[in-house]
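Reading through the structure tokens given below for one structure.
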Amino acid sequence: MTVQHIALLVGVAAVVTLLLTPVVRKVSLRFGLVDRPGERKVHTRDVSRLGGIAIVVGIAAAIALQLVGEWQLGWSTALADSDSQIVGCAIGLAIIFVTGLIDDIFGLNAGQKLIGQVAAAGVLIAFGLRIEFIGNPFGGLIMLGLLSIPITAVYVVAFTNVINLIDGLDGLAAGVSAIAGTTMLVLALQGNRPDAAVFAAALIGACVGFLRHNFHPASIFMGDSGAMFLGFSLAAISLLGVMKSVAAITLVVPLLIIGVPIFDTASAIVRRVRHKRPIQEADRGHIHHRLLGRGFGQRQTVLIIYVWSAGLGVGAYAMRWAATSVKLLTFGVLAGLSVFMAHWLGLFEMAHYHADELPEDAFSGTDNAPSGDVSCEGD
């Protein structure tokens, strides 16, 4: 696939999402499908929570263009003659989108959403997308056998949820997803996986187009229909592309690519267990909350996390292709930086700052909030 081809797919997804998002917002406001202000909200007006629709349509438009190009324009085959795994991805994505959309419109509890996520993951597994082995860093492969089914299910569900959990500030989830998608795109191209590359290009474009309306101050939220869809998409792309390698470090690469939301989720679990709080209980100790509490504004906080995510993406690339010594060095450096950030931000301690200690623009947006008496869109 050429650079021009990839750029076309990214552009189509971006333009479709960019143009459709205001339409979705207007329809959502007209029918009252909005996130309303309240004592646990930072926004002061009704805000659409159905931006995921525009993201999904943007991705679908780019994929449809790729299929038309293969069938009618003589483009090199990436999807049309691929195996049934692409069909499994489409079905799984449909299930996860519908689950998120129902939650955005009617509301679902955590258990009901988990059922939808497991069902979508089960479709991927049934169509052959599995983590069938783990590379042994000392040589050879560790075949998982039947364990590949539960391990893949946990992997996909975790991916789906970590993007949703980081959806806490305007533009955060979309930007982090675009950065992760870019890393996966490069790896898919170098691994000769055009199906994964097409999917990644579409995702990048949709996220970029949506950011025009979702970056602080956001006029629309992506909701669970968008956040869960992006997380599930990244999981599917990694299974199609990165996980097809037999390199010993393969399993680490996609986890490192979305390292910030994974690190955020893991630290939240440790923090709540350590302080004997329910794991599912929301708190104000997430990475973006901590950065806001240190005086950074919403845009500054989001940009810091973007840079952090991009650095992890570069590290993931290095670990995928570099010599073993460089891989170990890269892993050590990234682990050290993560420990430093955890200590600096106090991620394993309960937060004690209050709303009046935060920068003014932390409360001027329309999305997530850092204080204990407000909630975030994705938390």
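The values are calculated or read from the model by the stated rules, or taken from the named source; none is laboratory data. Predicted model only: the values in this text are computed from it and were never measured. Methodologically, a virtual Cβ is constructed for each residue, glycine included, from the backbone with ideal geometry; neighbour enumeration extends over all protein chains shown.
Looking only at the stretch 121-131, which residues are crowded, with 16+ Cβ neighbours inside 10 Å and either part of a helix (DSSP H, G or I) or at pLDDT 95 or above (or both)?
Within the stretch 121-131, the subset crowded, with 16+ Cβ neighbours inside 10 Å is 121-125, 127, 129-131.
Of everything in the stretch 121-131, those that are crowded, with 16+ Cβ neighbours inside 10 Å and either part of a helix (DSSP H, G or I) or at pLDDT 95 or above (or both) turn out to be ALA121, GLY122, VAL123, LEU124, ILE125.
Evaluated against (1) more than 20 Å from ALA7 (Cβ to Cβ); (2) surrounded by 20 or more Cβ atoms within 10 Å (Cβ to Cβ); (3) of a type outside the set (Val, Ile, Thr); (4) at pLDDT 95 or above, PRO22 falls short on exactly one condition, (2).
The residue that is surrounded by the fewest Cβ atoms within 10 Å (Cβ to Cβ), counting only those in the stretch 277-310 that are part of a helix (DSSP H, G or I) and without any contact (Cβ under 8 Å) to a residue 24 or more places away in the chain, is VAL307.
Regarding GLY241, is this residue buried (at least 24 other Cβ atoms within 10 Å of the Cβ) and either modelled with pLDDT under 90 or charged (D, E, K, R) (or both)? Answer is yes for this residue. With respect to being out of contact with any Lys or Arg (no Cβ under 8 Å at 6 or more places or on another chain), at pLDDT 85 or above and among the hydroxyl-bearing types (Ser, Thr, Tyr), TYR317 falls outside the description.
Table: residues versus (1) in contact with a Ser or Thr (Cβ under 9 Å, 6 or more places away or on another chain); (2) among the hydroxyl-bearing types (Ser, Thr, Tyr); (3) at pLDDT 95 or above.
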| site | (1), (2), (3) |
| --- | --- |
| PRO137 | yes, no, no |
| LEU141 | no, no, no |
| LEU165 | yes, no, no |
| ALA197 | no, no, no |
| GLY205 | yes, no, yes |
| VAL208 | yes, no, yes |
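For the stretch 208-222, residues that are closer than 13 Å to VAL57 by Cβ and not in a loop (DSSP other than H, G, I, E, B) total 2.
With the requirement that a residue be within 18 Å of PRO217 (Cα to Cα) and more than 19 Å from the chain's Cα centre (by Cα), what does the stretch 269-294 give you?
Residues satisfying the conditions are LEU291, LEU292.
Restricting the stretch 70-102 to residues that are without any contact (Cβ under 8 Å) to a residue 24 or more places away in the chain and under 18 Å from MET1 (Cβ atoms) leaves a set whose member that is surrounded by the most Cβ atoms within 10 Å (Cβ to Cβ) is GLU70. Looking at the structure I just gave you, is SER338 crowded, with 16+ Cβ neighbours inside 10 Å, polar (S, T, N, Q), within 27 Å of ALA110 (Cα to Cα) and in contact (Cβ under 8 Å) with a residue 60 or more places away in the chain? No, not satisfied.
To keep it simple, each residue is scored yes or no on (1) of a type outside the set (Phe, Trp, Tyr); (2) closer than 27 Å to PHE31 by Cβ; (3) part of a loop (DSSP other than H, G, I, E, B).
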{"position": "ILE53", "(1), (2), (3)": "yes, yes, no"}
{"position": "VAL57", "(1), (2), (3)": "yes, yes, no"}
{"position": "ALA62", "(1), (2), (3)": "yes, no, no"}
{"position": "TRP75", "(1), (2), (3)": "no, no, yes"}
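Evaluating SER48 against the criteria (1) at pLDDT 95 or above; (2) among the polar types (S, T, N, Q); (3) touching an Asp or Glu at 6+ places or on another chain (Cβ under 9 Å) leaves one unmet condition, (1). Does ALA268 satisfy the condition of being outside any loop (DSSP other than H, G, I, E, B), modelled with pLDDT under 85 and buried (at least 20 other Cβ atoms within 10 Å of the Cβ)? Spelling it out, ALA268 is indeed outside any loop (DSSP other than H, G, I, E, B), modelled with pLDDT under 85 and buried (at least 20 other Cβ atoms within 10 Å of the Cβ).
Among the residues of the stretch 294-312, those identified as farther than 19 Å from ASP167 by Cβ and out of contact with any Pro (no Cβ under 8 Å at 6 or more places or on another chain) are ARG294, GLY311. Does VAL118 qualify as being loosely packed, with under 14 Cβ neighbours inside 10 Å and part of a helix (DSSP H, G or I)? So VAL118 fails the test. When every residue of the stretch 103-114 is checked against the conditions, none turns out to be farther than 30 Å from GLY32 by Cβ, surrounded by fewer than 24 Cβ atoms within 10 Å (Cβ to Cβ) and either under 19 Å from the mean Cα position of the chain (by Cα) or modelled with pLDDT of 95 or more (or both).
Going by what's in this entry, would ASN161 be described as in a helix (DSSP H, G or I) and surrounded by fewer than 24 Cβ atoms within 10 Å (Cβ to Cβ)?
Numbers: in a helix (DSSP H, G or I): yes; surrounded by fewer than 24 Cβ atoms within 10 Å (Cβ to Cβ): yes.
It is true that ASN161 is in a helix (DSSP H, G or I) and surrounded by fewer than 24 Cβ atoms within 10 Å (Cβ to Cβ).
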